[in-house]
């Protein structure tokens, strides 16, 4: 069976994009590893003003980078985190803060972001900032994103899909992923809080 040139071209494009995304993730991770540490405090903007990760000292943090117009990875991740938290005893749940950092500051205003995360859980916090502020935090956590420009309002953003489980001591303890089940998320939370 002979492949048509259009199929060969499509396969090459997919391979090129996949390679680029893997290289971006590797480069982002190596940039932070040069400093010897992934994570740390940062300050971005929420619906009520400036919010720092250190505002949640004494809590376990679940940190995720995404954007509100994401068609699949972000809503799936937020839903799994929501369901995972419901599987944790209430006393433990009160010791956890979920933080969603947008990598799409053009469309994700603080108010829009707040509305988005509150759809999943009223305790979730959505943060954004300038491109420079967001880029700094993305590098700090070894994450990556790339805006795939279409027209001005309809475009997608390729981004890493890790959920950072950050301990009460503000150190990254574990990585979860967009396809981690709610049971895996609940087990990871309980392990840190027991």
Go ahead and run the numbers for FRET between residue 173 and residue 149, Cβ-Cβ distance against an R0 of 35 Å, rounding to 0.05. 0.45
Considering the stretch 124-168, what Rg and Dmax in Å follow from its alpha-carbon atoms? 12.6, 42
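Relative contact order for the stretch 75-129: what percent, with Cα pairs under 8 Å and sequence separation of 6 or more?
Rounded, it is 38 percent for the stretch 75-129.
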At 7 Å along the Cα-to-beta-carbon direction for both residue 50 and residue 121, put a label point, then send me their distance in nm to one decimal. 2.7 nm
If one computes the Cα centroid of the stretch 180-194 and of the stretch 128-155, what distance in Å separates the two points? 28 Å
Taking a crude spin-label model, label points 7 Å out from Cα along the C-beta direction, the residue 184 to residue 94 distance in nm is 3.0 nm
Going by how many other Cβ atoms sit within 10 Å of their own, how do 102, 181 line up, fewest first? 181, 102
Simple spin-label estimate for residue 156 and residue 136 in nanometres, 7 Å along Cα-Cβ: 3.1 nm
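A short reminder: the numbers here are calculations on the coordinates, not readings from a lab. These numbers come from a predicted model, not from an experiment. Every residue, glycine as well, gets a Cβ built from its backbone with ideal geometry; the counts of neighbours run over all protein chains shown.
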